[in-house]
Amino acid sequence: MAHDGGSKAILAALAANLGIALTKFVAFLLTSSSSMLAESVHSLADSGNQLLLLVGGRKARKEADARHPFGYGRERYLYAFIVAIVLFSLGGLFALYEAWHKWQDPHPITQWQWVPVAVLVAAMVMEGLSFRTAVHEANQVRGTQSLPSFIRTAKAPEIPVVLLEDFGALVGLSFALAGVGLTLITGDGRYDAAGTASIGILLVLIAIVLAIETRSLLLGESANASAVRAIESAVVGPGVRSLIHLRTMHLGPEELLVAAKFEPDESVDAAGVARAIDAAERRIRAAVPQLTAVIYLEPDLRRAAASRAVTGDGA
(Lines give C-alpha, C1' and ligand atoms only; values in the text may rest on other atoms or scores of the structure.)
Protein backbone atom coordinates (compact mmCIF):
# COMPACT_ATOMS: atom_id res chain seq x y z
CA MET A 1 0.00 0.00 0.00
CA ALA A 2 1.03 3.54 -0.53
CA HIS A 3 3.50 4.79 1.99
CA ASP A 4 1.22 7.68 2.98
CA GLY A 5 -1.79 5.46 3.54
CA GLY A 6 -3.50 6.88 0.44
CA SER A 7 -3.66 10.40 1.91
CA LYS A 8 -3.61 12.04 -1.51
CA ALA A 9 -6.65 10.04 -2.63
CA ILE A 10 -8.43 10.72 0.67
CA LEU A 11 -7.84 14.47 0.52
CA ALA A 12 -8.94 14.65 -3.13
CA ALA A 13 -12.15 12.78 -2.26
CA LEU A 14 -12.76 14.96 0.81
CA ALA A 15 -12.38 18.21 -1.14
CA ALA A 16 -14.71 16.96 -3.87
CA ASN A 17 -17.37 15.66 -1.49
CA LEU A 18 -17.55 18.78 0.68
CA GLY A 19 -18.18 20.99 -2.33
CA ILE A 20 -20.58 18.51 -3.91
CA ALA A 21 -22.59 18.04 -0.69
CA LEU A 22 -23.18 21.78 -0.38
CA THR A 23 -24.29 22.26 -4.00
CA LYS A 24 -26.57 19.21 -3.89
CA PHE A 25 -28.24 20.42 -0.72
CA VAL A 26 -28.86 23.86 -2.23
CA ALA A 27 -30.38 22.13 -5.26
CA PHE A 28 -32.63 20.11 -2.93
CA LEU A 29 -33.81 23.29 -1.17
CA LEU A 30 -34.68 24.83 -4.54
CA THR A 31 -36.40 21.79 -6.09
CA SER A 32 -37.46 19.43 -3.23
CA SER A 33 -36.00 16.53 -5.24
CA SER A 34 -35.57 13.42 -3.06
CA SER A 35 -32.71 12.25 -5.27
CA MET A 36 -30.89 15.50 -4.57
CA LEU A 37 -31.45 15.13 -0.83
CA ALA A 38 -30.25 11.51 -0.89
CA GLU A 39 -27.19 12.50 -2.88
CA SER A 40 -26.38 15.43 -0.59
CA VAL A 41 -26.53 13.11 2.45
CA HIS A 42 -24.44 10.58 0.49
CA SER A 43 -21.74 13.20 -0.16
CA LEU A 44 -21.91 14.37 3.45
CA ALA A 45 -21.47 10.78 4.65
CA ASP A 46 -18.52 10.32 2.28
CA SER A 47 -16.92 13.51 3.63
CA GLY A 48 -17.25 12.21 7.17
CA ASN A 49 -15.80 8.90 6.06
CA GLN A 50 -12.71 10.55 4.60
CA LEU A 51 -12.20 12.40 7.88
CA LEU A 52 -12.49 9.09 9.73
CA LEU A 53 -9.83 7.54 7.49
CA LEU A 54 -7.48 10.45 8.16
CA VAL A 55 -8.07 10.17 11.92
CA GLY A 56 -7.48 6.41 11.78
CA GLY A 57 -4.21 6.90 9.90
CA ARG A 58 -3.01 9.42 12.46
CA LYS A 59 -3.92 7.24 15.45
CA ALA A 60 -2.25 4.21 13.86
CA ARG A 61 1.10 6.01 13.99
CA LYS A 62 1.18 6.01 17.80
CA GLU A 63 4.15 4.22 19.29
CA ALA A 64 3.70 0.83 20.95
CA ASP A 65 3.31 0.89 24.72
CA ALA A 66 2.89 -1.55 27.61
CA ARG A 67 -0.85 -1.86 27.04
CA HIS A 68 -0.51 -2.32 23.27
CA PRO A 69 2.94 -3.89 22.77
CA PHE A 70 2.35 -4.52 19.06
CA GLY A 71 1.35 -0.93 18.40
CA TYR A 72 -1.79 0.71 17.07
CA GLY A 73 -1.63 -0.26 13.39
CA ARG A 74 -5.09 -1.83 13.46
CA GLU A 75 -6.66 1.55 14.21
CA ARG A 76 -6.79 1.96 10.44
CA TYR A 77 -8.91 -1.18 10.15
CA LEU A 78 -11.21 -0.07 12.96
CA TYR A 79 -11.89 3.31 11.39
CA ALA A 80 -12.45 1.71 7.98
CA PHE A 81 -15.07 -0.54 9.62
CA ILE A 82 -16.74 2.54 11.12
CA VAL A 83 -16.82 3.98 7.59
CA ALA A 84 -18.85 0.96 6.47
CA ILE A 85 -21.32 1.53 9.32
CA VAL A 86 -21.69 5.23 8.49
CA LEU A 87 -22.19 4.49 4.79
CA PHE A 88 -24.82 1.85 5.60
CA SER A 89 -26.78 3.90 8.14
CA LEU A 90 -26.38 7.56 7.23
CA GLY A 91 -26.13 6.99 3.49
CA GLY A 92 -28.01 3.84 2.51
CA LEU A 93 -30.82 3.64 5.05
CA PHE A 94 -31.56 7.37 4.88
CA ALA A 95 -31.83 7.19 1.07
CA LEU A 96 -34.22 4.24 1.31
CA TYR A 97 -36.37 6.08 3.85
CA GLU A 98 -36.44 9.19 1.69
CA ALA A 99 -37.38 7.08 -1.35
CA TRP A 100 -40.32 5.56 0.55
CA HIS A 101 -41.43 9.00 1.71
CA LYS A 102 -41.23 10.43 -1.84
CA TRP A 103 -43.12 7.42 -3.26
CA GLN A 104 -45.98 8.20 -0.85
CA ASP A 105 -46.05 11.82 -2.07
CA PRO A 106 -44.63 11.79 -5.62
CA HIS A 107 -44.75 15.51 -6.37
CA PRO A 108 -43.00 16.66 -9.59
CA ILE A 109 -40.15 19.14 -9.83
CA THR A 110 -41.79 22.44 -10.76
CA GLN A 111 -39.20 25.04 -9.74
CA TRP A 112 -35.60 25.64 -10.83
CA GLN A 113 -35.87 22.60 -13.08
CA TRP A 114 -32.44 23.05 -14.63
CA VAL A 115 -30.64 23.22 -11.29
CA PRO A 116 -30.56 19.50 -10.32
CA VAL A 117 -29.39 18.45 -13.79
CA ALA A 118 -26.59 21.02 -13.79
CA VAL A 119 -25.55 20.10 -10.24
CA LEU A 120 -25.52 16.37 -10.99
CA VAL A 121 -23.47 16.81 -14.16
CA ALA A 122 -20.96 19.02 -12.33
CA ALA A 123 -20.83 16.52 -9.46
CA MET A 124 -20.10 13.69 -11.90
CA VAL A 125 -17.15 15.66 -13.27
CA MET A 126 -15.74 16.31 -9.78
CA GLU A 127 -16.30 12.74 -8.62
CA GLY A 128 -14.69 11.50 -11.82
CA LEU A 129 -11.57 13.54 -11.06
CA SER A 130 -11.50 12.19 -7.50
CA PHE A 131 -11.94 8.62 -8.79
CA ARG A 132 -9.11 9.15 -11.28
CA THR A 133 -6.82 10.21 -8.41
CA ALA A 134 -7.78 7.11 -6.42
CA VAL A 135 -7.12 4.84 -9.42
CA HIS A 136 -3.73 6.53 -9.95
CA GLU A 137 -2.82 5.91 -6.30
CA ALA A 138 -3.97 2.30 -6.57
CA ASN A 139 -1.96 1.75 -9.75
CA GLN A 140 1.24 2.60 -7.87
CA VAL A 141 0.80 -0.30 -5.45
CA ARG A 142 -1.44 -2.95 -7.02
CA GLY A 143 1.05 -4.28 -9.56
CA THR A 144 -0.62 -6.62 -12.04
CA GLN A 145 -3.74 -7.13 -9.93
CA SER A 146 -7.11 -6.07 -11.27
CA LEU A 147 -8.88 -3.37 -9.28
CA PRO A 148 -11.51 -5.81 -7.87
CA SER A 149 -8.72 -8.19 -6.77
CA PHE A 150 -6.79 -5.29 -5.27
CA ILE A 151 -9.82 -4.19 -3.24
CA ARG A 152 -10.33 -7.74 -1.93
CA THR A 153 -6.71 -8.40 -0.96
CA ALA A 154 -5.24 -5.01 0.01
CA LYS A 155 -3.95 -4.86 3.59
CA ALA A 156 -4.23 -1.07 3.83
CA PRO A 157 -7.90 -0.01 3.74
CA GLU A 158 -7.74 3.63 2.67
CA ILE A 159 -7.43 3.44 -1.10
CA PRO A 160 -9.91 0.53 -1.50
CA VAL A 161 -12.42 2.48 0.62
CA VAL A 162 -12.00 5.63 -1.49
CA LEU A 163 -12.20 3.60 -4.71
CA LEU A 164 -15.49 2.03 -3.64
CA GLU A 165 -16.91 5.33 -2.40
CA ASP A 166 -15.99 7.21 -5.57
CA PHE A 167 -17.27 4.42 -7.81
CA GLY A 168 -20.48 4.28 -5.79
CA ALA A 169 -20.79 8.06 -6.03
CA LEU A 170 -20.50 7.97 -9.84
CA VAL A 171 -23.09 5.20 -10.16
CA GLY A 172 -25.35 6.92 -7.61
CA LEU A 173 -25.15 10.18 -9.54
CA SER A 174 -26.19 8.31 -12.68
CA PHE A 175 -29.21 6.91 -10.82
CA ALA A 176 -30.08 10.39 -9.52
CA LEU A 177 -29.71 11.94 -13.00
CA ALA A 178 -31.98 9.27 -14.48
CA GLY A 179 -34.59 9.74 -11.75
CA VAL A 180 -34.55 13.53 -11.96
CA GLY A 181 -34.51 13.53 -15.76
CA LEU A 182 -37.48 11.16 -16.06
CA THR A 183 -39.38 13.18 -13.46
CA LEU A 184 -38.78 16.39 -15.43
CA ILE A 185 -39.84 14.71 -18.70
CA THR A 186 -42.95 12.93 -17.38
CA GLY A 187 -43.94 15.06 -14.39
CA ASP A 188 -44.15 11.85 -12.32
CA GLY A 189 -42.24 12.17 -9.03
CA ARG A 190 -42.10 8.40 -8.61
CA TYR A 191 -39.13 8.30 -10.98
CA ASP A 192 -37.33 10.60 -8.55
CA ALA A 193 -38.26 8.20 -5.74
CA ALA A 194 -37.01 5.22 -7.76
CA GLY A 195 -33.68 6.96 -8.36
CA THR A 196 -33.40 7.65 -4.63
CA ALA A 197 -34.15 3.99 -3.80
CA SER A 198 -31.49 2.86 -6.27
CA ILE A 199 -28.96 5.09 -4.53
CA GLY A 200 -29.91 3.62 -1.15
CA ILE A 201 -29.59 0.02 -2.34
CA LEU A 202 -26.23 0.81 -3.94
CA LEU A 203 -24.87 2.36 -0.73
CA VAL A 204 -26.07 -0.56 1.39
CA LEU A 205 -24.34 -3.03 -0.94
CA ILE A 206 -21.06 -1.07 -0.90
CA ALA A 207 -21.24 -0.82 2.89
CA ILE A 208 -21.68 -4.60 3.15
CA VAL A 209 -18.64 -5.21 0.94
CA LEU A 210 -16.57 -2.79 3.03
CA ALA A 211 -17.74 -4.39 6.28
CA ILE A 212 -16.83 -7.89 5.08
CA GLU A 213 -13.36 -6.86 3.93
CA THR A 214 -12.50 -4.76 7.00
CA ARG A 215 -13.88 -7.44 9.35
CA SER A 216 -11.37 -9.88 7.90
CA LEU A 217 -8.55 -7.38 8.47
CA LEU A 218 -9.70 -6.71 12.04
CA LEU A 219 -9.70 -10.43 12.82
CA GLY A 220 -6.11 -10.67 11.58
CA GLU A 221 -5.10 -11.66 8.05
CA SER A 222 -1.94 -13.50 7.11
CA ALA A 223 0.61 -12.07 4.72
CA ASN A 224 -0.19 -12.54 1.07
CA ALA A 225 0.94 -15.70 -0.69
CA SER A 226 4.04 -14.19 -2.30
CA ALA A 227 5.26 -12.75 1.02
CA VAL A 228 4.68 -16.09 2.78
CA ARG A 229 6.70 -17.91 0.12
CA ALA A 230 9.52 -15.38 0.42
CA ILE A 231 9.61 -15.76 4.21
CA GLU A 232 9.55 -19.56 4.00
CA SER A 233 12.54 -19.49 1.68
CA ALA A 234 14.36 -16.97 3.86
CA VAL A 235 14.12 -19.01 7.07
CA VAL A 236 16.30 -21.85 5.78
CA GLY A 237 20.02 -21.07 5.74
CA PRO A 238 23.24 -21.72 7.65
CA GLY A 239 22.37 -23.47 10.91
CA VAL A 240 18.72 -24.02 9.88
CA ARG A 241 17.98 -27.38 8.31
CA SER A 242 14.28 -26.89 7.57
CA LEU A 243 11.15 -24.93 8.41
CA ILE A 244 8.64 -26.86 10.54
CA HIS A 245 5.77 -24.39 10.42
CA LEU A 246 5.12 -20.70 9.90
CA ARG A 247 2.39 -18.30 11.04
CA THR A 248 2.03 -14.70 9.88
CA MET A 249 -0.47 -11.99 10.80
CA HIS A 250 -0.75 -8.33 9.85
CA LEU A 251 -0.56 -6.05 12.89
CA GLY A 252 -1.19 -3.16 10.53
CA PRO A 253 -0.98 -2.59 6.77
CA GLU A 254 2.84 -2.41 6.80
CA GLU A 255 3.50 -4.37 10.01
CA LEU A 256 3.76 -8.14 10.04
CA LEU A 257 4.04 -10.63 12.88
CA VAL A 258 6.12 -13.67 11.90
CA ALA A 259 6.21 -16.74 14.18
CA ALA A 260 7.98 -19.93 13.10
CA LYS A 261 9.47 -23.16 14.35
CA PHE A 262 12.53 -24.45 12.55
CA GLU A 263 14.74 -27.52 12.70
CA PRO A 264 18.35 -26.54 13.49
CA ASP A 265 21.37 -28.40 12.18
CA GLU A 266 22.36 -31.16 14.60
CA SER A 267 25.96 -29.98 14.61
CA VAL A 268 25.27 -26.50 16.08
CA ASP A 269 25.38 -25.76 19.78
CA ALA A 270 23.18 -23.30 21.70
CA ALA A 271 25.31 -20.34 20.65
CA GLY A 272 25.16 -21.56 17.06
CA VAL A 273 21.35 -21.74 17.24
CA ALA A 274 21.24 -18.15 18.49
CA ARG A 275 23.45 -17.03 15.60
CA ALA A 276 21.25 -18.98 13.16
CA ILE A 277 18.15 -17.22 14.51
CA ASP A 278 19.77 -13.80 14.12
CA ALA A 279 20.78 -14.61 10.56
CA ALA A 280 17.30 -15.95 9.72
CA GLU A 281 15.72 -12.75 11.04
CA ARG A 282 17.97 -10.68 8.79
CA ARG A 283 17.04 -12.84 5.79
CA ILE A 284 13.31 -12.50 6.55
CA ARG A 285 13.50 -8.71 6.77
CA ALA A 286 15.42 -8.62 3.50
CA ALA A 287 12.81 -10.89 1.90
CA VAL A 288 9.93 -8.52 2.77
CA PRO A 289 11.56 -5.06 2.84
CA GLN A 290 8.19 -3.34 2.31
CA LEU A 291 7.00 -4.61 5.71
CA THR A 292 8.16 -3.99 9.27
CA ALA A 293 8.46 -7.50 10.64
CA VAL A 294 8.11 -8.53 14.29
CA ILE A 295 9.79 -11.95 14.30
CA TYR A 296 9.71 -14.83 16.78
CA LEU A 297 11.70 -17.94 15.81
CA GLU A 298 11.84 -21.12 17.90
CA PRO A 299 14.14 -24.11 17.33
CA ASP A 300 12.46 -27.50 17.58
CA LEU A 301 12.77 -31.13 16.54
CA ARG A 302 10.63 -32.27 13.68
CA ARG A 303 9.54 -35.48 15.46
CA ALA A 304 8.49 -33.43 18.52
CA ALA A 305 6.47 -31.12 16.32
CA ALA A 306 4.79 -34.12 14.72
CA SER A 307 3.92 -35.50 18.15
CA ARG A 308 2.36 -32.21 19.24
CA ALA A 309 0.37 -32.02 16.03
CA VAL A 310 -1.22 -35.34 17.00
CA THR A 311 -1.74 -34.58 20.71
CA GLY A 312 -2.62 -30.89 20.31
CA ASP A 313 0.12 -29.83 22.75
CA GLY A 314 1.42 -26.42 21.67
CA ALA A 315 4.10 -26.08 24.39
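The values are calculated or read from the model by the stated rules, or taken from the named source; none is laboratory data. Being a predicted model, the structure only gives us computed values, none of them experimental. Using ideal geometry, Cβ is built from the backbone for each residue, glycine included, and neighbour counts are taken over all protein chains shown.
Here ALA293 meets each of (1) farther than 30 Å from LYS155 by Cα; (2) aliphatic (A, V, I, L, M); (3) modelled with pLDDT under 90 with one exception, condition (1). When segment 257-294 is filtered for residues that are touching a helix residue (DSSP H, G or I) at 6+ places or on another chain (Cβ under 8 Å), surrounded by fewer than 17 Cβ atoms within 10 Å (Cβ to Cβ) and of a type in the set (Asp, Glu), only ASP265 remains. For segment 35-72, the set of residues classified as farther than 30 Å from HIS101 by Cα and crowded, with 23+ Cβ neighbours inside 10 Å consists of LEU53, GLY56, listed by residue number. Of the residues making up segment 216-243, those that are in contact with a helix residue (DSSP H, G or I) (Cβ under 8 Å, 6 or more places away or on another chain), in a strand (DSSP E or B) and surrounded by fewer than 20 Cβ atoms within 10 Å (Cβ to Cβ) number 3.
For segment 126-142, the criterion of being modelled with pLDDT under 85, in contact with a Lys or Arg (Cβ under 9 Å, 6 or more places away or on another chain) and more than 21 Å from TYR77 (Cα to Cα) is met by none of the residues.
Within segment 241-274, being among the aliphatic types (A, V, I, L, M), touching a Leu at 6+ places or on another chain (Cβ under 9 Å) and either over 30 Å from VAL161 (Cβ atoms) or modelled with pLDDT under 90 (or both) holds for ILE244, ALA260. The criterion of being crowded, with 16+ Cβ neighbours inside 10 Å and either within 25 Å of SER33 (Cα to Cα) or among the small types (Gly, Ala, Ser) (or both) holds for PRO106. Within segment 252-279, residues that are at negative phi and assigned to a loop (DSSP other than H, G, I, E, B) have Cβ atoms under 7 Å from residues that are surrounded by 13 or more Cβ atoms within 10 Å (Cβ to Cβ) and of a type in the set (Val, Ile, Thr) in these pairs: GLU254/THR292, counting only partners at least 6 apart in sequence or on another chain.
So that you can scan it fast, the table gives a plain yes or no per residue for (1) in contact (Cβ under 8 Å) with a residue 60 or more places away in the chain; (2) under 16 Å from the mean Cα position of the chain (by Cα):
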residue: TRP114; (1), (2): no, no
residue: VAL117; (1), (2): yes, no
residue: GLY128; (1), (2): no, no
residue: VAL135; (1), (2): no, yes
residue: ARG142; (1), (2): no, yes
residue: PRO148; (1), (2): no, yes
residue: THR153; (1), (2): yes, yes
residue: PRO160; (1), (2): no, yes
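Exactly one residue out of PHE81, PHE28 is among the aromatic types (Phe, Trp, Tyr) and over 18 Å from the mean Cα position of the chain (by Cα), and it is PHE28. For segment 91-148, the candidate set comprises residues that are assigned to a helix (DSSP H, G or I) and of a type in the set (D, E, K, R); within that set, the residue that is farthest from PRO160 (Cα to Cα) is LYS102. A single entry from GLY200, GLY168, GLY179, GLY189 fulfils the requirement of being more than 18 Å from the chain's Cα centre (by Cα) and under 25 Å from LEU14 (Cβ atoms): GLY200.
Restricting to segment 25-49, what's the tally of residues that are over 17 Å from VAL171 (Cβ atoms) and either part of a helix (DSSP H, G or I) or in contact with a strand residue (DSSP E or B) (Cβ under 8 Å, 6 or more places away or on another chain) (or both)? Count: 12. The set of residues in segment 170-201 that are hydrophobic (A, V, I, L, M, F, W, C) and touching a His at 6+ places or on another chain (Cβ under 7 Å) contains only ILE199. Consider ARG76 carefully, then state whether it is over 30 Å from HIS107 (Cα atoms), of a type outside the set (Asp, Glu), in the same structural domain as LEU173 (by TED's automatic domain parsing) and without any contact (Cβ under 8 Å) to a residue 60 or more places away in the chain. So ARG76 does not fit the description; no.
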